[in-house]
Amino acid sequence: MIQRLQTVYIILFSILLFVASFLPFAQLNYSENFLCLKPTGWESQSGDLLYNTYYVGYLVAIAFAILMVVNYKKRVKQLRYGKLCYLIVLVTLVYMFVLVNTKADSILETEELKPTIKYLSGMYCLVASLPLMFLANRAIKKDEKLVKSLDRLR
């Protein structure tokens, strides 16, 4: 289980998502104020938190990653869970980008200055987790191919 390379990739994927669930995603700076997008929602400069919880994408992807590690004997299931993890993280990432851009557009309508968008470490953790899941799925496919070729020899 742990000696397989894809398990290491999956564990690193889970750690990155767990860390990203605590880090801010983006910051909008406009006319001496700023808004910060965190997984719990938008936070203003005064510390007011607009509650829109985005933890769901993180938690579901981490749950599927744990299922992948637990089902180490069932490679087809692991592949399915891996594809779901990849899709969930990708949808979460796109949703966060859309959310930041729509908020920037709404600020642009109310303020005369264009807000500047600064992406923070939470976004980079999400982006860095995608290649890890890709590599894990690739290693699982390689194992499945090897097992099938051995079954043909028997």
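Summary table
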{"item": "Long-range neighbours under 7 Å by Cβ, at least six apart or interchain, first residue within 16 Å of Lys142 (Cβ to Cβ) within segment 76-90, second part of a helix (DSSP H, G or I) and among the β-branched types (Val, Ile, Thr)", "result": "Gln78/Ile140; Leu79/Ile140; Gly82/Ile140"}
{"item": "In segment 108-123, the residues that are closer than 23 Å to Leu23 by Cα and assigned to a helix (DSSP H, G or I)", "result": "Ser121, Gly122, Met123"}
{"item": "Qualifying position, being free of Cβ contacts under 8 Å to residues at least 24 places away in the same chain, aliphatic (A, V, I, L, M), open to solvent by less than 70 Å² (accessible area, probe 1.4 Å) and not in a loop (DSSP other than H, G, I, E, B), among Ala104, Ala63", "result": "Ala63"}
{"item": "Meets criteria (closer than 18 Å to Asn71 by Cβ and among the charged types (D, E, K, R)) for Glu111", "result": "no"}
{"item": "Any hit, segment 49-58, residues being under 21 Å from the mean Cα position of the chain (by Cα), part of a loop (DSSP other than H, G, I, E, B), surrounded by fewer than 15 Cβ atoms within 10 Å (Cβ to Cβ) and not hydrophobic (A, V, I, L, M, F, W, C)", "result": "yes"}
{"item": "Leu17 being open to solvent by less than 80 Å² (accessible area, probe 1.4 Å), at pLDDT 90 or above and assigned to a helix (DSSP H, G or I)", "result": "yes"}
{"item": "Residues that are more than 19 Å from Ile15 (Cβ to Cβ) and among the β-branched types (Val, Ile, Thr), drawn from segment 73-101", "result": "Val76, Val91, Val94, Val98, Val100"}
{"item": "Contacts under 9 angstrom Cβ, first residue in segment 108-121 being within 20 Å of Leu93 (Cβ to Cβ), partner among the polar types (S, T, N, Q) and surrounded by 11 or more Cβ atoms within 10 Å (Cβ to Cβ), 6 or more apart", "result": "Ile117/Gln27; Ile117/Asn29; Ile117/Asn101; Lys118/Gln27; Lys118/Asn29; Tyr119/Gln27; Leu120/Gln27"}
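The values are calculated or read from the model by the stated rules, or taken from the named source; none is laboratory data. From a predicted model like this one, the values you see are computed outputs, not experimental measurements. Glycine gets a Cβ as well: all are built from the backbone with ideal geometry, and neighbour counts include every protein chain shown. All accessible areas refer to the heavy atoms of the entire protein, side chains included, with ligands and DNA or RNA removed. Shrake-Rupley method; radii C 1.70, N 1.55, O 1.52, S 1.80 Å.
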